[in-house]
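Student: Provided herewith is a single structure, encoded as structure tokens, for subsequent inquiry.
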Amino acid sequence: MSSTSTSMKDAYDSEGFVIIPNLVSPEDFKALQAACETVINQTRNGEWPHRRVVGKQFPPYDSDNPDSWGVQHVMHPDLGAPAGRFARWYSSDGIVGAAGGLMGCEAGDMQMELFNLLINPTAHKFALRWHRDDVKGDATEEEERKALGAWNTGVQWNTALYEDSCLYVVPGSHLTPRTEEQRKHSTTMDAPANPLDMPGAIQVTLKPGETVFYNSNILHCATYNNEHKRATLHATIGDARSGAGRARNILQHGLTWMQEERFRDQLDEKGRGMLDRLLVLQRSVGAGDVGYSLDN
């Protein structure tokens, strides 16, 4: 059953994002905090290599920089017990219901995709540039309009376990190409000195336990402050009825480990169904171990 109201769906469609509270039960909240602490420590200690590295916005995240702004593949069975906790939450009724309501599909249409963790660096302030996830920054207006019209088959979300004011978005920008002034702020690889200089930008603040669902082609950026604790669950679910439309953006992150039986074994029935639909996508495009490269 959908856990989104008509007003939430309308807001998501028109604004490109919506904040939904209370998708994490009190019991799950504490368990997820503990699981995050475990994998954050593993990452910072060098025990978990799959991380987003300060100084790099897009994969591959190969760098010797010891500071991290994200943990990749948090459902990977090599992470042990925390992976199972994350996997159960990914396929929970709250998340699946909310995502399905916003995408307009049933649980049986959904495919498993990405699940990562956004964290605070320990020694650096860091920011991501203004971007859309699957539209190049130098796209022409015609290219941008075409891409935006095709990208409506998945949803991305951040669930904050501590107060989080890192995300900035331009409401409604998933529906229209950038203005000339907006282009000036989003064609460079440089992070913004002040994200609110982008015309139309707002800062999104999440209280602990709140989730922002957003269209990943909304204009967005983020700032990371090493002085503020952050553990924000960052994930996507797709509508499998779209075929290979999401492959380039999703499979660039290298998800072939999801083909392992030991990963399947830690999923519930709903999760296994979503996994099966992802495996169909992988086979349809012949995704290898390296995955896809996003030129953005």
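Student: Before anything else, pin down the relative contact order of the chain: Cα pairs under 8 Å, at least 6 apart, normalised by residue count, whole percent.
Tutor: 27 percent
Student: Another question, then. Find the accessible area per residue for the chain; the probe is 1.4 Å, ligands and nucleic acids are left out, and the unit is Å².
Tutor: 43 Å²
Student: If I compute solvent accessible area with a 1.4 Å probe over the protein chains, what percent of it on the stretch 95-245 is carbon and sulfur?
Tutor: Whole-percent figure for carbon plus sulfur exposure: 48.
Student: For the chain, what number of Lys pairs, 8 or more residues apart or on separate chains, have alpha-carbon atoms under 26 Å from each other?
Tutor: The result is 18.
Student: Also: Between Thr140 and Thr122, what is the label-point separation in nm under the 7 Å Cα-to-beta-carbon projection?
Tutor: With each label point 7 Å from Cα toward Cβ, the separation is 4.9 nm.
Student: What does the charge count around Thr187 come to, taking other residues whose C-beta lies under 11 Å from its C-beta (Lys +1, Arg +1, Asp -1, Glu -1)?
Tutor: +2
Student: A follow-up question, please. Could you work out the relative contact order of the stretch 14-84? I mean the mean sequence separation of Cα pairs under 8 Å and 6+ apart, divided by the number of residues, in percent.
Tutor: Relative CO of the stretch 14-84 lands at 26 percent.
Student: Using Cα pairs under 8 angstrom and six or more residues apart, how large is the relative contact order of the stretch 58-215, in percent? Could the numbers behind the result be given before it?
Tutor: Values: 169 pairs, mean separation 39.4, N = 158.
Dividing the mean separation by the residue count of the stretch 58-215 yields 25 percent.
Student: Quote the FRET efficiency, to the nearest 0.05, computed for Ser14 versus Arg241 with a Förster distance R0 of 25 Å and r equal to the Cβ-Cβ distance.
Tutor: Using R0 = 25 Å, I get an efficiency of 0.65.
Student: In nm, give the distance between the simple-model label positions of Ala150 and Lys184, each being 7 Å from the Cα along the Cα-to-Cβ direction.
Tutor: 3.1 nm
Student: Run the quick spin-label model on Thr38 and Arg264: label points 7 Å from Cα toward the beta carbon, then report their separation in nm to one decimal.
Tutor: 2.4 nm
Student: Can you list the residues, at least 5 places off or on another chain, whose amide H is less than 5 Å from the amide H of Ala231, using H built in the peptide plane?
Tutor: Leu161, Tyr162
The values are calculated or read from the model by the stated rules, or taken from the named source; none is laboratory data. In this text, all values refer to a predicted model and were calculated from it rather than measured experimentally. Cβ: placed from backbone, ideal geometry, glycine included. Neighbour counts: every protein chain shown. The area values use the complete protein model at the heavy-atom level, side chains included, leaving out ligands, DNA and RNA. Shrake-Rupley method; radii C 1.70, N 1.55, O 1.52, S 1.80 Å.
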